[in-house]
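*Asks:* Next up is a structure, given as structure tokens.
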Amino acid sequence: MPVAASAIYFLNLRGDVLINRLYRDDVGGNMVDAFRMHIMQTKELGTCPVRQIGGCSFFYMRISNVYIVIVVSSNANVACAFKFVVEAVALFKSYFGGAFDEDAIRNNFVLIYELLDEIMDFGYPQNLSPEILKLYITQEGVRSPFSSKPSDRSVPNATLQVTGAVGWRREGLVYKKNEVFLDIVESVNLLMSSKGSVLRCDVTGKVLMKCFLSGMPDLKLGLNDKIGLEKESQLKSRPTKSGKTIELDDVTFHQCVNLTRFNSEKTVSFVPPDGEFELMKYRITEGVNLPFRVLPTIKELGRTRMEVNVKVKSVFGAKMFALGVVIKIPVPKQTAKTSFQVTSGRAKYNAAIDCLVWKIRKFPGQTEPTLSAEVELISTMAEKKSWTRPPIQMEFQVPMFTASGLRVRFLKVWEKSGYNTVEWVRYITKAGSYEIRC
């Protein structure tokens, strides 16, 4: 169910109403007094952003020195209400030059009332895109002296932009060189036992794009996901080609993606926004290709010595390499002295985090560098407590490698003028929470 807000209030920190708008007649005009008395004066503002008082629900959020309060009298979607507040604040900031506080509201009463009438109708959220609203609400707000200058961009054919389906892209864009940049960025989350068995593993990924294309192009993206390949083979009445297919979970798309076409053809078709945006996000839980395997051996020799041996094997191809590899190996707090031998990179003891930090700037594929360390501990008279070993942590970035195996099969650009485009595709895998128990 959508928000169906009955009223919205903007209050300062003292509880004074700066501006308000009533959208329905199912709540009284004194509802703000209930909010002020039962929430603001009882110092319960930081406990929960949703409160029920006298049959009405109050959703509130503090932005700078202003409280924005939405009052509803029925069961409403709380997430939608807070999403509306966040986007409304971004809209106001775009008009006020980046500032949203009590002074900005006092200086822009007329403009705010006009915007509140446009972004919500009878309590239901409407279009909150600054690019679209600025096409027909052309009044400029009173800007802070520290705010950035407004960009003077002429936008032709405002009616089409406001009423048409492509609200995220304006017409009339022209580039001398038409280019598309596509990045598949993945984060690997791993928890591995000391014996090398995987306890938990998943990959979260996102497809980032940067488009510099003239006109109103239609793009079509093909990936090696299992459902898309099977649907394509059905439509073409041909068997699916052999090769690795990926099962994507929890897929979310940018609003530009044609969901009707995706549901019927399982292809990602879209008219892209101009510039940089996030096309889609996904998660994968099966068939993950781990870029590294870590084999640790830690021996406690009495009360004052430890031996640490760690072997790290890069599983990706020999022609690839990882950058910025950092392995953090935990040691006890009473560590006094350390000595190292490493076959690659550099290592040191960091007392602030109680870890041996091993850094390898460039880590080639199919290699097995090792670290051997002797740790001397401070001898204490107190009874020694057993050391609970925290996991080894890794940081890395592997270009042109995806832990999920996801690949771009094709990226097609069609535009009625028929110009040529240059497509660039890049893959990056990073460490999310990459931990190995020792």
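*Asks:* Please tell me if Arg51 is in contact with a Gly (Cβ under 6 Å, 6 or more places away or on another chain), farther than 23 Å from Gln126 by Cβ and not in a loop (DSSP other than H, G, I, E, B).
*Replies:* no
*Asks:* While we're here: All but one of (1) of a type in the set (A, V, I, L, M); (2) modelled with pLDDT under 85; (3) open to solvent by less than 10 Å² (accessible area, probe 1.4 Å) hold for Leu111; state the number of the condition that does not hold.
*Replies:* Just one mismatch for Leu111, condition (2).
*Asks:* Follow-up question, since we're still on this one. Residues of segment 299-322 being open to solvent by 20 Å² or more (accessible area, probe 1.4 Å) and not in a loop (DSSP other than H, G, I, E, B), which ones?
*Replies:* Matches in segment 299-322: Lys299, Glu300, Leu301, Arg305, Glu307, Asn309, Lys311, Lys313, Phe321.
*Asks:* Moving on. Exactly one of (1) exposed (fewer than 15 other Cβ atoms within 10 Å of the Cβ); (2) touching a residue at least 40 places away in the same chain (Cβ under 8 Å); (3) under 16 Å from Val308 (Cα atoms) is unmet by Gln366. Its number?
*Replies:* (3)
*Asks:* May I pose another question? Specify which of the listed residues (Glu278, Glu307, Glu265) is outside the structural domain of Gly215 (by the TED database) and of a type outside the set (Ser, Thr, Tyr).
*Replies:* One residue alone meets the criteria, Glu307.
*Asks:* Follow-up. Among the candidates Leu199, Leu208, single out the residue that is modelled with pLDDT of 90 or more and under 25 Å from the mean Cα position of the chain (by Cα).
*Replies:* Leu208
*Asks:* Just checking, does segment 259-280 include any residue being open to solvent by 10 Å² or more (accessible area, probe 1.4 Å), free of Cβ contacts under 8 Å to residues at least 12 places away in the same chain and under 23 Å from the mean Cα position of the chain (by Cα)?
*Replies:* Yes: segment 259-280 contains one or more residues that are open to solvent by 10 Å² or more (accessible area, probe 1.4 Å), free of Cβ contacts under 8 Å to residues at least 12 places away in the same chain and under 23 Å from the mean Cα position of the chain (by Cα).
*Asks:* While we're looking at this one, here's another question. Mind checking which residues of segment 90-135 are closer than 16 Å to Ala5 by Cβ and of a type in the set (Asp, Glu)?
*Replies:* Asp117, Glu118, Asp121
*Asks:* Which of (1) open to solvent by 50 Å² or more (accessible area, probe 1.4 Å); (2) touching a helix residue (DSSP H, G or I) at 6+ places or on another chain (Cβ under 7 Å); (3) assigned to a helix (DSSP H, G or I) is the odd one out, the single condition Arg21 does not satisfy?
*Replies:* (3)
*Asks:* Examine segment 192-199 for a residue that is farther than 24 Å from Met400 by Cβ, in contact (Cβ under 8 Å) with a residue 12 or more places away in the chain and among the polar types (S, T, N, Q), and state whether such a residue exists.
*Replies:* Checking segment 192-199: at least one residue is farther than 24 Å from Met400 by Cβ, in contact (Cβ under 8 Å) with a residue 12 or more places away in the chain and among the polar types (S, T, N, Q).
*Asks:* When the residues of segment 52-81 are narrowed to those that are hydrophobic (A, V, I, L, M, F, W, C) and within 24 Å of the chain's Cα centre (by Cα), which ends up least open to solvent (accessible area, probe 1.4 Å)?
*Replies:* Only one residue tops the list, namely Ala81.
*Asks:* Do the conditions hold for Asn65, that is, is it farther than 21 Å from Asp33 by Cα and out of contact with any Phe, Trp or Tyr (no Cβ under 8 Å at 6 or more places or on another chain)?
*Replies:* In short, no.
*Asks:* Which of the residues spanning segment 369-388 are within 22 Å of Val325 (Cα to Cα), buried (at least 16 other Cβ atoms within 10 Å of the Cβ) and not small (Gly, Ala, Ser)?
*Replies:* Matches in segment 369-388: Pro369, Leu371.
*Asks:* Which members of segment 165-185 meet the condition of being of a type in the set (A, V, I, L, M, F, W, C) and buried (at least 17 other Cβ atoms within 10 Å of the Cβ)?
*Replies:* Across segment 165-185, the qualifying residues are Trp168, Val180, Leu182, Ile184, Val185.
*Asks:* Let me ask something else. I want to confirm something. Restricting to segment 343-358 and keeping residues that are assigned to a strand (DSSP E or B) and surrounded by fewer than 17 Cβ atoms within 10 Å (Cβ to Cβ), which single residue is nearest to the chain's Cα centre (by Cα)?
*Replies:* Among those residues, the one meeting the criterion is Val357.
Listed here are the residues, each with its yes/no results for (1) more than 22 Å from the chain's Cα centre (by Cα); (2) modelled with pLDDT of 85 or more; (3) closer than 22 Å to Arg24 by Cα.
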position: Ala88; (1), (2), (3): no, yes, yes
position: Lys93; (1), (2), (3): no, yes, no
position: Phe100; (1), (2), (3): yes, yes, no
position: Asp103; (1), (2), (3): yes, yes, no
position: Ile132; (1), (2), (3): yes, no, no
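The values are calculated or read from the model by the stated rules, or taken from the named source; none is laboratory data. What you see is a predicted model; the values in this text were computed from it and never measured. Using ideal geometry, Cβ is built from the backbone for each residue, glycine included, and neighbour counts are taken over all protein chains shown. The area values use the complete protein model at the heavy-atom level, side chains included, leaving out ligands, DNA and RNA. Shrake-Rupley method; radii C 1.70, N 1.55, O 1.52, S 1.80 Å.
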